[in-house]
Amino acid sequence: MTGTPDTTHRQTTTSHPDRPVGPVTERATAGFSTEYGGERPAGVWAAPGRVNLIGEHTDYNDGFVLPFALPQRTVVAAAPERGRRWTVWSEQAGARISFGRADAAEPGRVTGWGAYVAGVVWALREAGHDVPVARLAIASDVPLGAGLSSSAALESAVLTALADLGELDLPLADRPALAQRAENDYAGVPCGIMDQSASLRCRPGHALFLDCRTLAVEQVPFDLDAAGLAILVIDSNAPHRHAGGEYAARRAACESAAAALGVPALRDVTVDRLDAALAQLDDETVRRRVRHVVTENQRVLETVELLHAGRLAEIGPLLTASHASMRDDFEITVPEVDTAVETALTAGAYGARMTGGGFGGCVLALVDAAAAETVASTVAESYARRGFRAPSSFTVTPGGGAERIG
Ligand code: GLA
């Protein structure tokens, strides 16, 4: 990084506990005071991670997704700053960075976790907003690197904080695309729009049915408690293997298949036209990629119908079929997640699937609420037998999207 001190992104290491102590909101607020000379923040904002119930690798194909927000959130305590540099402390990183307008004007100047913050400033400014300079302190309960969208939670919390502090005229429906731009064009990660939409637009007790082409959303009631059910999230703790490169490769394969089929995106191939489309493609791998996306879109639509009908347990086979499709056709699973799915099913889950981009990360299992602990311990036992790193499990109910909390 080059430039005068005024335009250089600086980093200072600060102390951070190995295991954060206390509620996340208090940690962000206390961190703010410690880092910024005993001051109080002007406000506190929070945005959640997500699990995707179904609809994987469909978002960048203009398709359908059905995520819901986690109760775990990233919290930003912030105050406007009279100077010219944004200063950001992160509990997880144990570091404080600062960056000026020039850094925020040029993707690549701020790197690492700070890129997700500077990227939001950049995307807002690119969209013509007068972004307030601010001091921020960030703490999070969203597990990192587990496929639960910790980066979208960070972008969404920062975006919501800056939009409020600056009283920016920014409708909720326009916010996910800006957060996605921060990630795509500043941080350089070619993700779709699902995670940012979930973090910003989800509502408690609902899954978010999103049409990634029109960006129309429908809040679909998903009351697990009333049905005596639970979603068990099992973090495979598998190391991510080449996730970035493989994600980009899947995306490229889908885009080239759409071009070969003469459609704007694979969303335009429906299940009844799948065989005809497959017959037009020479490459067996590409055919399997297309089959995953087309059948996955259909599974999302069927899941939404079942949820509307209140037939929650019946979505189980769709979840399991989604997993098989990711394993066999899209080839994005790893032995740890396959084992978690198989074991959860053997232990009585109605359905189970990997959630998120793949190559590690989490599995979700739909279980009777009373069976959640047994399923979790059965998976842990089967991991131990295979010599895998121990998984971690927790149950979740759908939470709300980004908001001001203080
Ligand atoms: C990651 C990306 C999302 C989406 C999923 C796969 O989470 O950030 O945009 O593509 O993978 O469904």
> Which one of these is of a type outside the set (K, R) and either within 11 Å of the ligand (Cβ to nearest atom) or surrounded by fewer than 18 Cβ atoms within 10 Å (Cβ to Cβ) (or both): C202, C212?
Replying inline: C212
> Within the range 206-224, can you find the residues that are closer than 12 Å to D62 by Cα and either among the aromatic types (F, W, Y) or part of a strand (DSSP E or B) (or both)?
Replying inline: L210, D211
>> Considering only the range 179-193, I want to know if a residue exists there that is within 16 Å of the ligand (Cβ to nearest atom), touching a helix residue (DSSP H, G or I) at 6+ places or on another chain (Cβ under 7 Å) and assigned to a strand (DSSP E or B).
In response: no
> Hey, any hits in the range 304-313 for a residue that's within 29 Å of R175 (Cβ to Cβ), modelled with pLDDT of 95 or more, in contact with a Lys or Arg (Cβ under 9 Å, 6 or more places away or on another chain) and of a type in the set (D, E)?
Replying inline: yes
> Across the range 129-149, which residue is farthest from L70 (Cα to Cα) among those that are buried (at least 24 other Cβ atoms within 10 Å of the Cβ) and within 19 Å of the chain's Cα centre (by Cα)?
Replying inline: I138
> Given the conditions (1) closer than 20 Å to L144 by Cβ; (2) away from the ligand (no atom under 16 Å from the Cβ); (3) of a type in the set (A, V, I, L, M, F, W, C); (4) in contact (Cβ under 8 Å) with a residue 40 or more places away in the chain, which single one is not true for F32?
Replying inline: (1)
> Does the range 359-367 contain any residue that is within 14 Å of the ligand (Cβ to nearest atom), under 23 Å from C254 (Cβ atoms) and in contact with a Pro (Cβ under 7 Å, 6 or more places away or on another chain)?
Replying inline: yes
> Quick one: is A137 in contact (Cβ under 8 Å) with a residue 12 or more places away in the chain, away from the ligand (no atom under 16 Å from the Cβ), more than 24 Å from E246 (Cα to Cα) and not in a loop (DSSP other than H, G, I, E, B)?
Replying inline: yes
>> Checking G245 against (1) within 16 Å of the ligand (Cβ to nearest atom); (2) in contact (Cβ under 8 Å) with a residue 12 or more places away in the chain: exactly one of these is not met. Which one?
In response: (2)
> Which of the residues belonging to the range 143-157 are in a loop (DSSP other than H, G, I, E, B) and either within 13 Å of the ligand (Cβ to nearest atom) or among the polar types (S, T, N, Q) (or both)?
Replying inline: G145, A146, G147, L148, S149
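The values are calculated or read from the model by the stated rules, or taken from the named source; none is laboratory data. On a predicted model such as this, the values are computed, not experimentally measured, just so you know. All Cβ positions, glycine included, derive from the backbone under ideal geometry; neighbour counts span all protein chains shown.
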